[in-house]
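Reviewing the structure listed below.
Each value in this text was obtained by applying a stated rule to the coordinates, not by laboratory testing. All values reported here derive from a predicted model rather than from experimental measurement. Neighbour counts run over all protein chains shown; Cβ positions are idealised from the backbone, glycine included.
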Ligand SMILES: [Fe+2]
Ligand SMILES: [Fe+2]
């Protein structure tokens with residue numbers, strides 16, 4: 001039964017928001033777009049993936065990142081509730097279809113920009129593991145562009161992006177890290193912060209797109225979004241692990257600088 005199936009993906013969006021009426025504005029509720037029972041249950045539940053990291057890099061050391069699920073629900077609606085939505089709330093499902101398609105265009109643009117950005121970030125990084133990580137994720141990101149192309153095709157759409165100012169801003173933060181710091185551990189730490197912000201944006205987008213696709217019955221698309229989501233989550237986890245080394249390198253470098261200054265004085 002689908003209600004008991006455990007989904008692998010997570011979403012950093014606050015998990016408890018799904019329980020809040022605030023997240024389902026009156027217009028949507030009055031338009032028969034109501035969360036199904038299974039969606040509500042999932043939103044209140046814990047993340048289904050044990051391998052996903054709960055820590056993110058932070059300039060202040062470790063901090064807890066929210067591994068809650070998408071506020072749009074990360075669990076599939078049952079086939080019966082899908083049918084109900086498709087038949088009894090035509091306009092609501094059309095609206096949701098539009099939200100899905102617009103989100104796809106947004107992330108398609110973002111992924112294309114990221115291919116170029118990750119190339120620059122790899123060259124700018126000092127730590128070898130980080131360098132290789134950026135390079136590996138650049139290749140994966142090219143795959144994400146291709147997979148999104150397949151999803152557009154499945155929906156009978158031409159693959160096309162639309163400007164995503166949020167992603168432009170996040171990429172700009174990565175560029176600023178390169179400008180502001182010389183090649184070394186501090187720049188690496190700043191690059192990790194920028195990269196994790198990007199991954200969390202992507203995780204939010206793909207988590208929601210997966211939920212939309214499932215509830216709308218686009219199972220093939222949902223599968224594609226889940227595959228991409230898994231790679232984004234793994235990348236986020238790897239960045240957290242590299243951050244532990246990089247942060248220590250940054251601390252060691254500043255201690256050496258302090259000692260040198262004391263010797264000179
Ligand atoms: Fe991606
Ligand atoms: Fe990514």
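In table form, for the structure just shown:
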{"item": "Fewest-first ranking of 138, 187, using other Cβ atoms within 10 Å as the exposure measure", "result": "138, 187"}
{"item": "Segment residue 158-residue 260, length gained on full extension (0.36 nm per residue, minus Cα span)", "result": "30.7 nm"}
{"item": "Residue 102/residue 220 FRET efficiency (R0 22 Å; Cβ-Cβ; nearest 0.05)", "result": "0.70"}
{"item": "Segment residue 132-residue 252, length gained on full extension (0.36 nm per residue, minus Cα span)", "result": "41.0 nm"}
{"item": "Segments 155-168, 234-247 sorted - mean Cβ within 10 Å per residue, highest first", "result": "234-247, 155-168"}
